[in-house]
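The values are calculated or read from the model by the stated rules, or taken from the named source; none is laboratory data. Nothing here was measured: the structure is a model prediction, and the numbers come from that model. Cβ coordinates were reconstructed from backbone atoms using ideal geometry, including for glycine residues, and neighbour counts include every protein chain displayed.
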Amino acid sequence: MSAILCLNAGSSSVKFSLYRYSPDATLLLTGSVSGLTADQQYLTYTSYKSSSEVLESIKNQEIDCPDHDSAFKVFMEHLNSKVGDKRLISFDDIYLACHRIVHGGGNPRPLLITEEVYHELDILSDLAPLHNQRALDIVHSCISRLKGTKNVAFFDSSFHMTIPRHIYTYPIDLDVQKRHQIRKYGFHGLSYAFITRETADYLGVDDGDLNIIALHLGSGASACAILGGKSINTSMGLTPLEGLPGATRSGSIDPSLIFHYHSDSSRMSTASSKDVHLTIAEDILNKRSGWQSITGTTDFGLITKRAVEENDELAKLAFDMFVDRVSMYVGQYWVALQGKAVALVFAGGIGEKGKELRTAVIDKVSCLGFTIDEKLNATASTTSDVVFDLSKKDAKVKTLVVQTDEQLQMAKEVIATRL
Ligand SMILES: Nc1ncnc2c1ncn2[C@@H]1O[C@H](COP(=O)(O)OP(=O)(O)O)[C@@H](O)[C@H]1O
Ligand SMILES: CC(=O)OP(=O)(O)O
Ligand SMILES: [Mg+2]
């Protein structure tokens with residue numbers, strides 16, 4: 001058997017899926033270690049005997065896992081363990097390991113990871129301080145543990161290479177931008193590529209005819225305007241810090257705010273290592289801000305519960321701030337798409353599970369014609385449908401939830417391009 005291993009190092013989780021190298025990318029195993037920015041981590045894991053028969057399943061088992069590379073090692077132990085008298089797969093069967101690398105610079109396509117490519121991506125780690133280095137640690141572990149496996153980097157930034165120049169250019173000195181390759185890159189691109197194809201399939205249109213506003217809302221959150229199946233604007237920028245707030249990220253703020261935060265904000269941070277060079281300012285804005293800095297927790301599910309059920313003042317503040325920033329992008333992208341969007345898509349951990357958040361956002365943007373059927377909204381978080389329609393019957397534009405899958409997107413790209 002030949003298999004494809006897909007690894008996705010998010011800011012708060014590592015997700016892994018293993019597929020048979022077959023035209024339909026049959027799923028053999030999928031799982032995640034979540035809560036990597038919280039006190040407690042959880043392992044979820046399902047392996048399959050066939051497409052309808054589960055071999056082994058674990059849901060939200062409490063584990064101690066200090067970092068992303070350890071999460072990968074937990075996964076490797078499971079892969080190597082016997083289920084009954086049968087080992088699921090031999091390591092030699094893994095032909096390709098696909099890695100979601102958040103910042104790929106201007107690369108429009110996946111790259112085979114050679115020593116030179118590894119070095120190039122390592123240099124970009126400064127521009128995605130919660131992601132690139134952690135993903136590269138996993139690449140390193142794959143290289144040393146899976147000797148015969150080729151490693152391929154898939155970039156979150158690639159999907160946004162279609163953004164026009166006047167949008168990706170910042171209003172600062174052009175020479176400086178050129179010299180340091182400063183521009184809006186944008187991220188969550190594997191997710192937006194998946195959302196585009198699944199939404200087009202669901203609506204029965206070609207990808208090239210699809211105009212939507214997509215929201216990927218997780219520990220890192222972003223919005224994207226998709227015109228004719230291509231990204232024309234997105235809220236993240238040079239780094240994943242710009243745009244919406246996240247679990248520990250501030251999102252867009254007045255840039256001069258940081259000079260008023262600490263007098264030593266421009267000094268190197270204690271979190272700096274030989275691999276990632278962070279100033280105190282970057283450390284504050286990437287790791288000590290976001291909804292955690294308002295509420296004390298990175299768990300948006302818990303914030304929602306406290307805000308809605310307990311009327312907790314700070315939880316309500318964080319919830320309302322997020323709703324405000326998200327709806328602001330929906331309005332901006334509605335204009336960017338000249339009112340031609342046919343759907344608003346919610347995806348990512350919060351987009352898929354946060355029914356209260358969806359209700360609050362739709363309430364704010366209902367003037368654009370978006371609607372929500374509360375009965376459907378309540379079931380959307382539990383359905384296994386990849387695309388789920390929440391809109392009211394007579395709605396002119398749709399409100400959809402898409403269970404996004406960055407690992408499956410990589411596997412499908414491998415099979416489509418015969419990598
Ligand atoms: N029921 C829920 N309601 C709202 N948010 C939730 C719910 N369950 C999980 N979440 C949030 O989803 C986020 C994780 O999203 P995910 O996209 O998986 O993360 P990552 O950015 O690591 O890829 C966390 O902030 C988590 O609290
Ligand atoms: C780009 C980004 O923020 O990714 P994630 O949401 O997985 O942390
Ligand atoms: Mg993610």
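Tabulated data
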| item | result |
| --- | --- |
| Ala38 vs. criteria touching an Asp or Glu at 6+ places or on another chain (Cβ under 7 Å), of a type in the set (A, V, I, L, M) and more than 16 Å from ligand 1 (Cβ to nearest atom) | no |
| Filter pass, Ser34 being modelled with pLDDT of 90 or more, of a type in the set (Ser, Thr, Tyr) and loosely packed, with under 12 Cβ neighbours inside 10 Å | no |
| Qualifying residue in segment 245-255 (condition: out of contact with any His (no Cβ under 9 Å at 6 or more places or on another chain), surrounded by 18 or more Cβ atoms within 10 Å (Cβ to Cβ) and at positive phi) | yes |
| Verdict on Arg325 being surrounded by fewer than 21 Cβ atoms within 10 Å (Cβ to Cβ) and either within 16 Å of ligand 1 (Cβ to nearest atom) or hydroxyl-bearing (Ser, Thr, Tyr) (or both) | yes |
| Spans of helices (runs of 4 or more DSSP H) in segment 101-181 with at least 2 residues within 16 Å of ligand 2 (Cβ to nearest atom) | 132-145 |
| Residue check for Leu337: away from ligand 1 (no atom under 16 Å from the Cβ), among the aliphatic types (A, V, I, L, M), touching a Phe, Trp or Tyr at 6+ places or on another chain (Cβ under 8 Å) and touching a residue at least 12 places away in the same chain (Cβ under 8 Å) | no |
| Boolean, Val397 is more than 16 Å from ligand 3 (Cβ to nearest atom) and touching a Gly at 6+ places or on another chain (Cβ under 8 Å) | yes |
| Every residue from segment 207-222 that is surrounded by fewer than 24 Cβ atoms within 10 Å (Cβ to Cβ) and either within 14 Å of ligand 2 (Cβ to nearest atom) or at positive phi (or both) | Gly218 |
| Set Ser52, Ser57, Ser47, Ser90: member being of a type outside the set (A, V, I, L, M, F, W, C), away from ligand 1 (no atom under 16 Å from the Cβ), farther than 29 Å from Ile123 by Cβ and buried (at least 20 other Cβ atoms within 10 Å of the Cβ) | Ser47 |
| Condition met for Ala416 (in the same structural domain as Trp334 (by TED's automatic domain parsing) and at pLDDT below 95) | no |
| Residue selected from segment 1-49 under the condition of a type in the set (Phe, Trp, Tyr) and assigned to a strand (DSSP E or B), by the criterion farthest from ligand 3 (Cβ to nearest atom) | Tyr48 |
| Hits in segment 231-240 (condition: of a type outside the set (Gly, Ala, Ser) and either touching a Gly at 6+ places or on another chain (Cβ under 7 Å) or under 14 Å from Ile167 (Cα atoms) (or both)) | Ile232, Asn233, Thr234, Met236, Leu238, Pro240 |
| Checklist (1) closer than 30 Å to Lys396 by Cβ; (2) away from ligand 1 (no atom under 13 Å from the Cβ); (3) in contact with a Ser or Thr (Cβ under 8 Å, 6 or more places away or on another chain) applied to Phe319, failing item | (2) |
| Residue satisfying all of: in segment 43-83; of a type in the set (A, V, I, L, M, F, W, C) and touching an Asp or Glu at 6+ places or on another chain (Cβ under 9 Å); farthest from Leu136 (Cα to Cα) among these | Val83 |
| Checklist (1) of a type in the set (S, T, N, Q); (2) away from ligand 2 (no atom under 16 Å from the Cβ); (3) under 20 Å from Pro110 (Cβ atoms) applied to Asn8, failing item | (2) |
| Gly218 being within 13 Å of the chain's Cα centre (by Cα), within 16 Å of ligand 3 (Cβ to nearest atom) and farther than 21 Å from Val335 by Cα | yes |
